[in-house]
Amino acid sequence: MSNVPRFNIDYIARLARLHLTPKQSKKFSKQLSDILAHIKKMDEVDLSKVEPTFQTTGLTDALRDDEIEKARILTQEEALSNAPKKSRGFFKIPKIL
């Protein structure tokens, strides 16, 4: 754990509104320091010959092309066909005050 800062777990816990015992605070501080040390170790890997990757599946565009269609106007009967409640040619909804 050389050159790895010891985390102020009490400060982080206060920001997260957590109440930690001193034992928990010490445990989490060590865990976070270990995580940071592992990340720092991964920084040592030579990636100079590795191309940056932003897409791994090889798919280009899984969506269909947009197709412009003429707008279709529904009749009143079509618009009301799936309405759970209707009255005199209109949607019937609960009264809202």
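The values are calculated or read from the model by the stated rules, or taken from the named source; none is laboratory data. Quick caveat, the model's predicted, so the values are computed rather than measured. Note that each Cβ is placed from the backbone with ideal geometry, even for glycine, and that neighbours are counted across all protein chains shown. All accessible areas refer to the heavy atoms of the entire protein, side chains included, with ligands and DNA or RNA removed. Shrake-Rupley method; radii C 1.70, N 1.55, O 1.52, S 1.80 Å.
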Run down K30, K85 and say which single residue is modelled with pLDDT of 90 or more and more than 27 Å from the chain's Cα centre (by Cα). K85
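Please give the helices (runs of 4 or more DSSP H) falling wholly within region 1-82 in which 1 or more residues are open to solvent by less than 100 Å² (accessible area, probe 1.4 Å) and more than 30 Å from I93 (Cβ to Cβ). Give the steps one after another, and end with the answer.
On the way: elements: 9-15, 22-42, 76-80.
The qualifying helices (runs of 4 or more DSSP H) are 9-15, 22-42.
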Quick check on my filter: what residues within region 29-66 are in contact (Cβ under 8 Å) with a residue 24 or more places away in the chain and either of a type in the set (V, I, T) or in contact with a Pro (Cβ under 8 Å, 6 or more places away or on another chain) (or both)? S33, L36
